[in-house]
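Taking it in order: structure first as structure tokens, then the write-up.
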Amino acid sequence: MRSIGGAAHWSSHPLGRRSVLAGIGAGTVATLAGCARGDSTAVKPGTTSLANDNATWDQGYVAAGQELKKLTGYALRPLSNPNPTSYKQVTQISLQTTKATDMIKWASGYFLKSLARTGELSDLSSVWAAYERKGWVTPQTREAMSYRGSVYGIPLYESYYVFFYNTGLFRKHGLKAPDTWDELLHNAEVLKKAGVVPFVATQTGNWPAYEWFQELVSKVDPTFYAELISGKAQYTDPQAQKALQIWQDFMNKGWMTPADFDQNNGPAALKTGRVGMFLHGSWQSQGIAATGMKPGVDFDAFVMPPVEQSTRRSVITESGVLAVPRKAVSHEAAMANAAHWLDPKVQKVWTDFLQDASANPLSHPGNPLMAGLKDRALKERWTLLPRYGESGPPNLVQGNTDDLGSFMTGASSPRSTLRSMASRASKEWAEWERDEA
Amino acid sequence: MSSSVDQRRSVFAASPSSPDPRPVRPTPGQRPGRRIREKLATAGFLAPAVLLVSALLLLPFASTVYRSFFDDRRISGFAGLDNYALFLSDPALTRSIQNTLMWVVGTVALPLLLGLAIAVLTHTGGWSRVARLVVVLPYALSGSAVAVVWNFVLTTDGAANQMLKAFGLDSLAQGWLLEWPGNTLVMIAANTWQSAGVAVILFLVGLQTIPPETLEAASLDGAAGWRKFWYVVLPQLRTVSVIVVGTSLVNGLKSFDLIWVLTQGGPGRASETLAVSMYQETFLALHPGAGAAVAVVLTTIVLVASWLYLRRQLTPKGN
């Protein structure tokens, strides 16, 4: 009763209600205006903003930015969104606004091509040409950075896919880094007998499912791998079948970790000698070093030897890219920084932070392990091949990675896995070509 | 429901001694300007809620329905029901429907039976409080945290297999999350571990509302044990059961977090439910049209299932 009476009393003073309403309205407008005025990407003199999806690299960007500032007058201001999926969505949307960040971190290959074809990225062909003149890039890298002949990205780093191993464990069992396929098999046999799981292989996290695929196919035939990822060869061809047979054979022999092994536990498993060889991007070196092992001393790395000795040596590489949005708030500054990113002085600071390699062949990595591999790759003219993840229309890669995950659990045979991948490839490549047309 | 509201309205309107001082219709003496102001004020107070629901729920839903009729090519064109036809042709989506059905059955039946059993067993007795707390505690944890804990248990190198091996049961050790349908079944079990707690709470509340006189009368009439439970207690828990089944049904249909953390719908999309497929298609496979179709189908199933169920079960009297 009291409350009803109260309501009647309220209604006799409509002004009071109106005040409340007006207050709520004003508050809402103020809040919306406040939200709309986000100024993280606004011009800040002497800096360029850099959107990225890895907050742990912020320190490295800041340090490299200090070097860039000496050359261009602009430091780097990292803006991190630690969730990769949300980062992708936010970046794609923000590129269409007038508040685009000055530079963005993106994946190379078809991810970059998909973004470039929206017309929202700046053409960096002239920057690339200048880099080529100075010898700061290798011609092999250009394809993964371009779309329809023009360059839209500058390589952020260049990692190799390598097998990390515990030098102490290898010494204990009288093993050395294998230089031939037979030596690799020998190592696996010895380790297995000693109760150590020879190889890390997993589909947890989805994308690691293609690590062994790209590795084995490229080591069976690097030319075939290059044709396969450009849609010119078939997944059902004998080379791919041979690769999956080897893979299945390794699994049947118990040479691989369970398919739900968590790669985050890889460094610890390597240190304690529970696993023998850990196939992963060379950027993992930082994580292994974090367990207290010293690169080049306590752990080292090798690139998988080719299956046949006569086959040309190759290495799978991974490059993130820096791109400049067409509507970058400080466009000129961003272009200047893109033009100096691969300067050896900047790369020195950056790769020392990453403990990984630079895409600039004249930049010498501080990490002895990477320095050794890079020197050998240059000297022996290894074929550099792009990682599978960026080497096809995103839908194709995603679907085929799921198929490989299924293969790793034994749910599908090599033949049926490859058939499924082949049928997806023909559909997705046709769709990509149709969209291009 | 509506009939009871109508009844109440008619009672108030007919009664001359209605306690409501507000007139049902405006008195002739009231000024029209004031009436308009009052109506405007009412609309103003309703507006934030209406706007929020429209902007955050109805508009996105309408746009999702619209998007589902367009294909996923670069320049999207009208595709009719093609995205919906994927449910018949795409094995991943067919598997997703199978999994969703398993989740619905599992998440409805298990919490209902376990919740009821635990509530009845811990309703009385000295140790009941502790037991109740232990059962209810997981409900306070977030789905993701529960998934992380179960991940430690269920991976091939995890606690479950280590325990089996410690007891010499090596042959039973397996990749719990790697093979279908085993992975879906263990995830349903993990989900039950968490969600049974809320069913227990609801059934305990239900048990406490049963008048002691009824139970006493039943005892005097010679009913005891199972017969008393089946014929006297259980019928009085009907409303609670309706709520438990209703919420479990919706939770089962929209299961996401546990699956995402444990398997990400894998391996090879084998453990996806419709909610995971929706995310997978939209954000990972970059098929927003197909993702929208999955979202529409899922929303329709949830709404229709809830409506049919609650309409049948909840009578105007609420019993």
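FYI, it's all coordinate maths here, none of it is from the lab. Note that the coordinates shown come from a computational prediction; the quantities given were computed from them, not determined experimentally. Here the Cβ is made from the backbone with ideal geometry for all residues, glycine too, and neighbour counts use every protein chain on show.
For GluC sites (Glu not before Pro), the sites in the range A:274-351 that DSSP calls loop and that have at most 14 other Cβ atoms within 10 Å are A:Glu308. What does the net charge come to around A:His173 if you take all other residues with beta carbon closer than 12 Å to its beta carbon, with K and R at +1 and D and E at -1? Net charge in that neighbourhood comes out at +4. Counting only other chain Cβ atoms within 10 Å of each residue's Cβ, the peptide B:35-42 averages 3.
Computed extension gain for A:Gln89 through A:Asp262, at 0.36 nm per residue and net of the alpha carbon distance, reaches 59.6 nm. Over all pairs of different C-alpha atoms, the protein assembly as shown has a mean inverse distance whose reciprocal, the Kirkwood radius, equals 30.5 Å.
Remark: relative contact order (chain B) = 26 percent; criterion is Cα-Cα distance under 8 angstrom and separation of 6 or more residues.
Every helix of 4 or more DSSP H residues in chain B counts as -39500 (n - 2.57), and over all residues that averages to -21000 deg cm²/dmol at 222 nm. Electrostatic tally near A:Trp136: other residues with Cβ closer than 15 Å to its Cβ, Lys and Arg +1, Asp and Glu -1, net +2. Relative to the longest principal axis of the Cα atoms of chain A, the long axis of helix A:368-379 lies at roughly 70 degrees. Both radii were evaluated on the Cα set of the range A:311-402; the Rg over Rh quotient, with Rh as the Kirkwood radius, amounts to 1.05. Of the trypsin sites (Lys or Arg not before Pro) found in the range B:241-319, the ones in coil according to DSSP and having at most 14 other Cβ atoms within 10 Å of their Cβ are B:Lys317. Going from the residue with the fewest nearby Cβ atoms within 10 Å to the one with the most, A:Lys374, B:Lys165 rank B:Lys165, A:Lys374.
Return one number: the angle in degrees, 0 to 90 and rounded to the nearest 10, between the long axis of the Cα atoms of helix A:181-193 and the longest principal axis of the Cα atoms of chain A. Once rounded, the angle reads 80 degrees. FRET efficiency for A:Thr272 and A:Glu183, Cβ-Cβ distance as r, R0 = 25 Å, nearest 0.05? Once the sixth-power term is evaluated, E becomes 0.55.
For the residue pairs A:Lys219/A:Lys379; A:Lys105/A:Lys232; A:Lys172/A:Lys379, the C-alpha atoms sit more than 22 angstrom apart in A:Lys105/A:Lys232; A:Lys172/A:Lys379. Listing A:Lys232, A:Lys348, A:Lys113 from fewest to most neighbouring C-beta atoms within 10 Å gives A:Lys232, A:Lys348, A:Lys113. Kirkwood hydrodynamic radius of the range A:73-192, from the reciprocal of the average inverse Cα-Cα distance over all distinct pairs: 18.1 Å. Arranged from fewest to most other beta-carbon atoms within 10 Å of their beta carbon, A:Met335, B:Met278 become A:Met335, B:Met278. Subtracting the Cα-Cα distance of B:Leu121 and B:Glu38 from their residue separation scaled by 0.36 nm leaves 24.3 nm.
Any idea what angle helix A:238-252 forms with the longest principal axis of chain A, computed on alpha-carbon atoms, 0 to 90 degrees, nearest 10? The angle comes out at about 90 degrees.
Equivalent-ellipsoid semi-axes for the range B:27-67 (Cα gyration tensor, √(5λ), whole Å, largest first): 35, 9, 5. Over chain A, what is the percentage of antiparallel beta bridges among all DSSP beta bridges, to the nearest 5? DSSP beta bridges in chain A are roughly 55 percent antiparallel. For chain B, the membrane-span-like helices by this rule, meaning whole DSSP H stretches whose C-alpha atoms cover at least 30 Å of axis and whose Kyte-Doolittle mean is 1.0 or above, are B:91-122, B:182-208, B:288-313; this says nothing about an actual membrane. Dividing the convex hull volume of the alpha-carbon atoms in chain A by its residue count gives 209 Å³ per residue. Counted by Cβ distance under 12 Å from B:Ala293, the other residues give a net charge of -4, where Lys and Arg count +1 and Asp and Glu count -1.
If you take the Cα centroid of the range B:136-169 and the Cα centroid of the range A:340-377, the two points sit 42 Å apart. If the chain linking B:Ala109 and B:Thr209 were pulled fully straight, counting 0.36 nm for each residue of separation and taking away their Cα-Cα distance, it would gain 33.7 nm. Per residue of peptide A:206-218, the mean number of Cβ atoms on other chains within 10 Å of the residue Cβ is 1. With the alpha-carbon atoms of the range B:82-313 aligned to their principal axes, the span from lowest to highest coordinate is 66, 50, 27 Å, starting with the largest. Mean per-residue shielding of peptide A:394-403 is 4, counting Cβ atoms of other chains within 10 Å of each Cβ.
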